[in-house]
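Input: a single structure, listed below in structure tokens.
The values are calculated or read from the model by the stated rules, or taken from the named source; none is laboratory data. Everything numeric here is computed off the predicted structure, so don't read it as measured data. Ideal geometry is used to build each Cβ from the backbone, glycine not excepted, and the neighbour counts take in all protein chains shown. Note: accessible area is taken over every heavy atom of the protein model, side chains too, but ligands, DNA and RNA are not part of it. Shrake-Rupley method; radii C 1.70, N 1.55, O 1.52, S 1.80 Å.
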Amino acid sequence: SGELVTFFKVKDASLLHIVMIIYIFTIPFNAITQVAAHATQGFKLLKYKIMTTQLLNPTVLLLSMLLFLFFSDKSAIIIPMAITGITGCFVMIYLLKNISGIQLQKIIVTPFDNNLFNFSFPLMFVAILQTFMHFQDILMLGYLVDEAETVVGLYHPAARTAGLFQILIISFLSIYAPMMSQLHAKGDFKEMSHLYKLVSRWLITSSIPIMLIFIIYPAKIMLLFGENYLPSQDILVMLSIGMFIQTTLCAAGPALSMSGHTRIVLWNSLSACVLNFILNMILIPKYAGMGAAWATFISLTVLGLVRVIEVRFILNLSIFSIKLIKPLLAACITGYCIISMRPYVMNYHTLVTLLLVFLMVIIIYGLSLWLLKFEPEDKDFLSGLNILGKSLKNDNGN
């Protein structure tokens, strides 16, 4: 911690030392929370994980910060994180106990499982590599470019905006992954193929509206951050296309890992990270932020395509389906319409323009899909039914 204090040149070194110690203290509690949350997810229940990690923890953090602000600014920085970590941990353990009957003391005395370790150990490094790759472009921009503060400042909002696609990925794959594991354990490759195509089609269908708005109206999106960020609109377009491709092909990743091929998943992530590093080294000195965007786009595209090819040859599962034509055709119709309306809405205030475009995308895209006729399973999904759970229940004969 002393070296970090020197590196960041923090004036109040003692405060940083205390904050780091408290944050390190909460790591075991946060780790247990995440493990327990994913354990409940394995029972095909997302509400407990969302309730704790997305609702309870942020609420406790906010309220405790407001409370300790009455005492001192330093206590509001130091104490709330510890309170949040401990609270979330015990709540999640309690919820897991109610669902599965597992008790904390049984977890502690459970013997070491070599098979489970061999399966999960590569996934730990996958998570580390994915986290590093998430920040790699910004870190390398800061290192390789002159006037790094300006370049990174322009790049960061575009990168985080394009990162909104991650919400769709997390939402769809949270239940999809454990179900693929269960189907693979039963050897039901027919149902795995159906689920793989179904989730991929949903991901494509859901991400198309976001992608269209981001690549057709990037200037208006970046104006939300201020006029100074207009030069980042091309970066937003490139990153949005890359994230759209990743979202489209991302169902292949859990298919590999849940079928036991975690080492392949690790090598895929490592290769993508190395490729991204090399491309950043080549492109950033010449093209700055746009070079980082190109590097990310190429890396994500190559990683997605490699995973799809591996799933095709290893598991004999194909992402392609005739049913994909409908959302793609609806996307073409919607894209043509909102491009045609550009001259009429670009002169409005940014918020008015984006609101009109958003409404038109939803109306035209939804109407196009309706005219092209939804698949029966898509109708169930739009009606709010858990089609993934239904598919598994039907498979079990219930």
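For the reader, a short list of remarks on this structure follows.
- In the set Ala292, Ala251, only one residue is within 26 Å of Ala185 (Cα to Cα) and buried (at least 17 other Cβ atoms within 10 Å of the Cβ); that residue is Ala251.
- One residue stands out in the stretch 312-335 among those that are open to solvent by less than 70 Å² (accessible area, probe 1.4 Å) and outside any helix (DSSP H, G or I): the one that is farthest from Tyr365 (Cα to Cα), namely Leu315.
- Among residues of the stretch 148-168 that are without any contact (Cβ under 8 Å) to a residue 12 or more places away in the chain and farther than 13 Å from Gly291 by Cβ, those with a beta-carbon under 7 Å from a residue that is small (Gly, Ala, Ser) and surrounded by fewer than 19 Cβ atoms within 10 Å (Cβ to Cβ) at least six positions away or on a different chain give the pairs Ala148/Gly142.
A quick yes/no check of all residues on (1) surrounded by fewer than 18 Cβ atoms within 10 Å (Cβ to Cβ); (2) more than 27 Å from Ser257 (Cβ to Cβ):
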| site | (1), (2) |
| --- | --- |
| Thr53 | yes, no |
| Phe68 | no, yes |
| Pro80 | no, yes |
| Ile99 | yes, no |
| Gln103 | yes, yes |
| Asn114 | yes, no |
| Ser120 | yes, no |
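- Qualifying residue in the stretch 56-64 (condition: loosely packed, with under 13 Cβ neighbours inside 10 Å and of a type in the set (A, V, I, L, M)): yes
- Condition met for Ile314 (in contact (Cβ under 8 Å) with a residue 12 or more places away in the chain and in contact with a Ser or Thr (Cβ under 7 Å, 6 or more places away or on another chain)): no
- Any hit, the stretch 113-126, residues being outside any helix (DSSP H, G or I) and at pLDDT below 85: yes
- Selection within the stretch 231-283 - in contact with a Pro (Cβ under 6 Å, 6 or more places away or on another chain) and closer than 30 Å to Pro218 by Cα: Gln233, Leu236, Val237
- Restricting the stretch 38-50 to residues that are hydrophobic (A, V, I, L, M, F, W, C) and closer than 15 Å to Ser171 by Cβ, the residue that is most open to solvent (accessible area, probe 1.4 Å): Ile50
- Residues of the stretch 130-164 that turn out to be within 14 Å of the chain's Cα centre (by Cα), modelled with pLDDT under 85 and open to solvent by less than 40 Å² (accessible area, probe 1.4 Å), as a count: 2
- Residue match in the stretch 194-209 (condition: in a helix (DSSP H, G or I), out of contact with any Ser or Thr (no Cβ under 6 Å at 6 or more places or on another chain) and farther than 22 Å from Gly253 by Cα): yes
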